[in-house]
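Take a look at the structure set out below.
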Amino acid sequence: MSAPAPSVALPLIIPCVDIQSGRAVRLYEGDPDRETVYFESPLEAARHWVSLGAGLVHLVDLDAATGRGENRGVIAQISRELGVPVEVGGGVRDRAGAEELLRQGVHRVVIGTAAVKSPELVPELIAAHGPERVVVSLDARGLEVATHGWAQGSGVNVAELTPRLADAGLETLIFTDVTRDGTLKGLNRELMRQVRQLWLNTLIVGGGVANTDDVRLLREEGIQGAIVGRAIYEGTLSYPVVLD
């Protein structure tokens, strides 16, 4: 009798709460003027996912990312009251801003634009707080990194950044295909495969997951997890996720 096939771990599905003007929303292709409001209270949105079993919640301050304002008070409240770790991105441009979030109880900060514009920030934060408190998010069209709330192309290729980030001691990378985020179009397998080859440490896909087929794709490509918003808010992917 042949031995049973080894089980393959289910990718971690991390619920996302995007915050704009104090409400929990999702954007279409990152456009702040094309929003859908899901909860008036981001805290209630986060509590909803925790009630269903989430052990980590991803928060994005969209107003800070686009320079339209900030939602730090709401984020601090969620960090204090939620009862599970949160990670926070959006508008984290410098060490002072990152460390303010950490002092407020955020489990780990997510560095986006600053990882391109201020490359010294990532190794500084890792040295001061450890790799478990720092994540880098590379948001891209194809493999070109987009910055400033996805509004600008950087001219920088993901392949240029990943070796530097690995050398800085980064353990976890988030990669978002901006063209698929919030669209429910599903993941681009070839692009996911390319990024998997470029980043050998923990890889989390941000955006693009639409249904269980995408979760299977993540598992097949050896990608450890995904940050998911619209699909679980609208029910095209049930949460918690169960695969046959």
Which pairs have Cβ atoms under 6 Å, sit 6 or more apart or on different chains, and link a residue in the stretch 8-30 that is under 23 Å from residue 224 (Cβ atoms) to one that is among the basic types (Lys, Arg) and modelled with pLDDT of 95 or more? 8/219; 11/219
Within the stretch 159-185, tally of residues that are in contact with a Leu (Cβ under 8 Å, 6 or more places away or on another chain) and surrounded by fewer than 20 Cβ atoms within 10 Å (Cβ to Cβ): 2
Scanning the stretch 40-68 residue by residue, the ones that are among the hydrophobic types (A, V, I, L, M, F, W, C), more than 12 Å from residue 229 (Cα to Cα) and either at pLDDT below 95 or not in a loop (DSSP other than H, G, I, E, B) (or both) total 5
I want to confirm something. Restricting to the stretch 15-70 and keeping residues that are within 14 Å of the chain's Cα centre (by Cα) and among the small types (Gly, Ala, Ser), which single residue is surrounded by the most Cβ atoms within 10 Å (Cβ to Cβ)? 65
Condition (residue is surrounded by fewer than 19 Cβ atoms within 10 Å (Cβ to Cβ) and either in a helix (DSSP H, G or I) or touching a residue at least 40 places away in the same chain (Cβ under 8 Å) (or both)) applied to the stretch 200-210: is it met by at least one residue? no
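Each row is one residue, and each column tells you yes or no for (1) closer than 18 Å to residue 207 by Cβ; (2) of a type outside the set (Gly, Ala, Ser).
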position: 41; (1), (2): no, no
position: 44; (1), (2): no, yes
position: 61; (1), (2): yes, yes
position: 67; (1), (2): no, no
position: 70; (1), (2): no, yes
position: 74; (1), (2): no, yes
Give me the strands (runs of 3 or more DSSP E) completely within the stretch 110-184, filtered to those with at least 1 residues that are of a type outside the set (Lys, Arg), modelled with pLDDT of 95 or more and in contact with a helix residue (DSSP H, G or I) (Cβ under 9 Å, 6 or more places away or on another chain), ordered by residue number. 134-141, 172-177
Could you identify the single residue in 187, 121, 125 that is under 25 Å from residue 215 (Cβ atoms), touching a residue at least 12 places away in the same chain (Cβ under 8 Å) and of a type in the set (A, V, I, L, M)? 187
Expected single match for within 19 Å of residue 168 (Cβ to Cβ) and surrounded by 20 or more Cβ atoms within 10 Å (Cβ to Cβ) among 145, 88 is 145
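The values are calculated or read from the model by the stated rules, or taken from the named source; none is laboratory data. No experiment lies behind these values; they were computed from the predicted model shown. Cβ: placed from backbone, ideal geometry, glycine included. Neighbour counts: every protein chain shown.
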